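Below is one structure, written out as structure tokens, with a few remarks after it.
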Amino acid sequence: MAKELNKKSEKGNQLESEEIMEKIVALCKRRGFIFPGSEIYGGLKGTWDYGPLGSELKFNIKQAWWKAIVQKRQDVVGISASILMNPKVWEASGHTTSFTDPLVECKTCHQRFRADQEEIIQAHEKKHLDLKEKVEWTQPRKFNLLVEAKVGVVEGEKSTVYLRGEITQGVHVNFKNILNSSRLKIPFGVAQIGKAFRNEITPGNFTYRSIEFEQMELQYYVKPDEQESMKYYEFWKEERMKWYQDLGIKKENLRFRQHASDELAHYAKAAWDIEYRSPFGWKECEGIHHRGDWDLRRHQEFSGQDMSYFDQETGQRFIPWVIEASGGVDRAMLFFLIDAYQEEEERIVLKLSPKLAPYKAAVFPLLANKPDLVKKASELFSILKEADLGMIAWDERGNIGKRYYSQDEIGTPYCFTIDFQSLEDETVTVRDRDTTKQERIKISEATSYLKEKLLK
Ligand code: ATP
């Protein structure tokens, strides 16, 4: 009996999870966060377009990352490398031979899957078994994830290049350029945000696994010393976990997971993932990898260029080791959205960190048909926009309750309403998204009020 109940509640949970994802996907479409890529042509599997609110949220995530990793530190600089690179880069990095996933094909319906994704494989088997059909798989074979492209204008002389499978290599091939053009001393880091492309066998779970996505990565160069490199490895593990928590993800929904030795990527000496408890299970959000000297040593071998670092203090020359923190912008955004999504009795609310929220505040005239109210509200709207605090929304449609509902659903942390009292005493009401409490402040203090709240 107890077993039956457990089974039921497991099923219940699964249903609930599916429902939550459906609701989030629908909200993203309805409110302009995320649309299916090239939808009017039937879409392209594994691609997504970010709408007006989604591109704001994505921008804010990238900005928060860049601030924390580059601008607030002295030992990290940024770079923005090309997506297309000389194909030799991918030979050197090992991607042309080792950037593979195990692929199996269902012999009944010829659909292809990643052999290591047990849940998906089991669900597929169940589908056939329920229809009393046979389930048989081909032997797993290695499937390379690099996406090919052709460059060159003369027919016949086209050459094959790859859309970068990770943004990492753009940093390592520039190691000497960065050293020679800056005064960096080891340990130091190079940060980058940009698009990467992978021929994923089974894109899915909304934007979680896409074929085109953005990464935000830090490559941190350290001395080739076991103890010292592990010290920085631990430091960056903690820093990165803290970043997600500081931006509002609930602690209990985040964890570290160490890669098993048979799971390690071809370059990795050690690897831990930061995982998020999503409705579709604990899933990787970011990888912290100890890459040793793999990248620089291989580029030295393949390019014939010296990739060593000369340490002025000790007079030693060496190839540095690399600690990498590699996160996905799209995955981070999806997890921020899921974590912020709440259904309350009378409203849906996205409790996003004000630092990430697409709109920082909204301004309303209480009634749209009262020119005095509209005039005063539009003055406040201009002041807040001019203050450079981020996007400010304007809404004068429908009743005030509907406007609050609409802003709650997209995560706007504060709503300013100009009412009749505002015309008499130069005050405005501010409503807090999370508590729904209202307070009255002076219009002249609205900017500093908002600034202080956003900094928190
Ligand atoms: P997975 O095991 O989920 O395929 P991975 O271990 O291959 O991911 P990495 O190569 O470590 O991923 O890439 C670093 C980060 O880039 C990931 O933590 C993730 O946030 C992001 N990322 C990787 N692949 C994808 C993808 N197909 N779609 C969206 N984001 C991705």
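The values are calculated or read from the model by the stated rules, or taken from the named source; none is laboratory data. None of the values given here were measured: they were computed from a predicted structure. Cβ coordinates were reconstructed from backbone atoms using ideal geometry, including for glycine residues, and neighbour counts include every protein chain displayed. For the accessible areas, the whole protein counts, side chains as well, though only heavy atoms, and no ligand, DNA or RNA atoms are used. Shrake-Rupley method; radii C 1.70, N 1.55, O 1.52, S 1.80 Å.
Go through segment 310-364 and tell me which strands (runs of 3 or more DSSP E), entirely inside it, have 2 or more residues that are away from the ligand (no atom under 16 Å from the Cβ).
316-318, 341-344, 347-350
Can you work out which of the residues in segment 181-198 that are polar (S, T, N, Q) and modelled with pLDDT of 95 or more is farthest from the ligand (Cβ to nearest atom)?
Result: SER181.
Consider PHE143 carefully, then state whether it is part of a strand (DSSP E or B), open to solvent by 50 Å² or more (accessible area, probe 1.4 Å), within 24 Å of GLU212 (Cβ to Cβ) and not assigned by TED's automatic domain parsing to the domain that holds ILE211.
yes
Restricting the search to segment 246-262, which residues are part of a helix (DSSP H, G or I) and open to solvent by less than 50 Å² (accessible area, probe 1.4 Å)?
Within segment 246-262, ASN253 is the sole residue that qualifies.
Go through segment 207-245 and give me each residue that's open to solvent by 10 Å² or more (accessible area, probe 1.4 Å) and within 10 Å of the ligand (Cβ to nearest atom).
Residues satisfying the conditions are TYR208, ARG209, ILE211, GLU212, PHE213, GLU214, GLN215.
Mind listing just one residue for me: the one in segment 263-286 that is part of a strand (DSSP E or B), in contact (Cβ under 8 Å) with a residue 60 or more places away in the chain and crowded, with 17+ Cβ neighbours inside 10 Å and, of those, nearest to the ligand (Cβ to nearest atom)?
Only one residue fits best here, namely LYS283.
Being within 30 Å of ALA357 (Cβ to Cβ), open to solvent by 30 Å² or more (accessible area, probe 1.4 Å), in a helix (DSSP H, G or I) and away from the ligand (no atom under 16 Å from the Cβ) narrows it down to one of GLN63, GLN122, so name that one.
Every option except GLN63 fails the conditions.
Does HIS299 satisfy being closer than 30 Å to ARG183 by Cα, assigned by TED's automatic domain parsing to the domain that holds LEU218 and either in contact with an Asp or Glu (Cβ under 9 Å, 6 or more places away or on another chain) or assigned to a strand (DSSP E or B) (or both)?
No: the conditions fail for HIS299.
Within the set of pairs 6+ apart or on separate chains, which have a first residue in segment 391-412 that is in the same structural domain as ASN369 (by TED's automatic domain parsing), a second that is in a loop (DSSP other than H, G, I, E, B) and among the polar types (S, T, N, Q), and C-beta atoms under 8 Å apart?
Matching pairs, first to second residue: ALA393/THR412; TYR404/THR436.
Residues are listed down the side, and each one gets a yes or a no for (1) in contact (Cβ under 8 Å) with a residue 12 or more places away in the chain; (2) more than 27 Å from ILE441 (Cβ to Cβ):
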site: HIS290; (1), (2): yes, yes
site: LEU296; (1), (2): yes, yes
site: GLY315; (1), (2): no, yes
site: ALA340; (1), (2): yes, no
site: ASP372; (1), (2): yes, no
